[in-house]
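These notes concern the structure reproduced below.
The values are calculated or read from the model by the stated rules, or taken from the named source; none is laboratory data. Bear in mind that the values here come from a model prediction, so they are computed numbers and not experimental data. In this analysis, Cβ positions are derived from the backbone assuming ideal geometry, glycine residues included, and neighbour counts consider all displayed protein chains. Side chains are part of the model used for accessible areas, which takes the heavy atoms of the whole protein and leaves out ligands, DNA and RNA. Shrake-Rupley method; radii C 1.70, N 1.55, O 1.52, S 1.80 Å.
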Amino acid sequence: MDSREPSSLRFERALSYAARFTAQTSQNIWLAALFLVAGTGAKPALDLSSLFIAMLLPSILLGLPGGSIADRLGPGRGYAFGALLRFLPVAAGTWLLDGGTSAWVLAFLYSTGSQVFTPAELALVRPLQASHVGRVHSWLAALQYAGQAAGMLVLAPALYFLGGPTAMVIGAAVGMSLLFALTVVLAVRVAPLARAFAAGSARAALSFRETIAFFGRESLARYALVALGLKMVVSKGIVVALPFYLERDLGLGWEAMAYLFAPGVLGVLAGLWWCSRELTLARAHEVLRLGLLGLLVALAALTALDYGITAVAQYSHIPPVARLEASMNTTFAVAIPVAFLLGVSLSGLLIAGRVALTETAPAGQHGRVFAVQLTLTETAISLPLLALGVGTTYAGARVTLAAMALLVGGFLLLAELDRARFLRRVGQPADLLPRPAASPGA
């Protein structure tokens, strides 16, 4: 952090980091309780599928109104209000959650609160750190992963052994109450800063005309929008394909997951570390391009590189090379460095995309800009994920990986052709450099 900044601003960022970790930890305890209750009912398959639908519907149907509310209240107050909306269904779950319909309803209400909470949280980055938003976004992403691990892998199992699902819901409710307290304190402290980032009136907050115009004129924002969507498709598609890849292509069991998980986590951490130190708006477009190129290389390598290495070794007629290839699992040897590359690429895309939107969005529009991004991402990935699931089941993991590689490669090709046409027209690349939105009051 910049030592020249006032200590109050550093304290406010520390509050936002504490809120982020608390939110993710509590949320994952809550989700674990929901899955456990829904999965042990009379119709577990139906209850679990209903649960997923209940969590997805608000993000599609209510995401845009949630962004409007976040902009009308301003980032600080919107954050606290979203935390309250999240806390209420969790608190109600301490005596209402009994499986079936109650799990569906509570999950729907919780996800509804998230439609205000998440855009407001992301909109709060600019007031907290105008000079280096990449640092804040990197910390928020790292704390998200840490909170997910703490909630789902540590606290949820511990609470379950202490008192079953009831103890888990109570633990989540305690965490959500702490989160609400943190966000209220944060909202009070950032009020002077956040006021300039709120929409001027309810009518202005409900209008998406300026938001659509922003995406229409800002090429980097459009690029970030698509790149974040592709990042989501690939990250979720990898989760779908990984079990089949481990079993059918690597010939290994679930214990091999650790050997791929470790380099993947290291790649994510390396990407976040670099972004926290070096990523600026001027570099965002290049990082997005390189991140997508990294995804393309990684997916192509998982699809066919091991076959290519095997063919080269067998037809090289060099005995030591052929013996070395025959003595090792070539697919596994390829998968380990690819996992690292995937981690770096996914984290780079996430932070660069968010930096691009944060820096270029006009004041008073951040909630709606991120709401549009989140809504389009959730809506656009639904059909591809269904297709990827069906394709993986019946055609295998390599077909899924190849399909994702074609999707990423197709967008990269179209984007580069469009960039080349633009450069031929204007004659200089300087016109492509993104310009940050004017600060409030400038």
Please go through region 59-101 and give me each residue that is more than 25 Å from residue 126 (Cβ to Cβ) and either aliphatic (A, V, I, L, M) or within 21 Å of the chain's Cα centre (by Cα) (or both), ordered by number.
60, 61, 88, 90, 91, 92, 96, 97
Would you please name the residue that is farthest from the chain's Cα centre (by Cα), looking only at residues in region 338-381 that are part of a loop (DSSP other than H, G, I, E, B) and of a type in the set (A, V, I, L, M)?
363
Do you know which of the residues in region 127-136 that are touching a helix residue (DSSP H, G or I) at 6+ places or on another chain (Cβ under 6 Å) and among the hydrophobic types (A, V, I, L, M, F, W, C) is surrounded by the most Cβ atoms within 10 Å (Cβ to Cβ)?
136
Sole exception among (1) open to solvent by less than 50 Å² (accessible area, probe 1.4 Å); (2) in the same structural domain as residue 120 (by the TED database); (3) polar (S, T, N, Q) for residue 211, by number
(2)
Would you call residue 87 touching a residue at least 40 places away in the same chain (Cβ under 8 Å), part of a helix (DSSP H, G or I) and aromatic (Phe, Trp, Tyr)?
yes
Quick one: is residue 189 at pLDDT below 95, surrounded by fewer than 23 Cβ atoms within 10 Å (Cβ to Cβ), charged (D, E, K, R) and in the same structural domain as residue 347 (by the TED database)?
no
Residues that are free of Cβ contacts under 8 Å to residues at least 12 places away in the same chain and in a helix (DSSP H, G or I), drawn from region 180-211
181, 192, 203, 209
Of the conditions (1) in a helix (DSSP H, G or I); (2) at pLDDT 85 or above, residue 335 clears all except one; give me its number.
(2)
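Quick grid of which residues meet (1) within 15 Å of residue 22 (Cβ to Cβ); (2) among the hydroxyl-bearing types (Ser, Thr, Tyr); (3) open to solvent by 50 Å² or more (accessible area, probe 1.4 Å):
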site	(1), (2), (3)
69	no, no, yes
88	no, no, yes
97	no, no, no
102	no, yes, no
107	no, no, no
117	yes, no, no
125	no, no, no
140	yes, no, no
143	yes, no, no
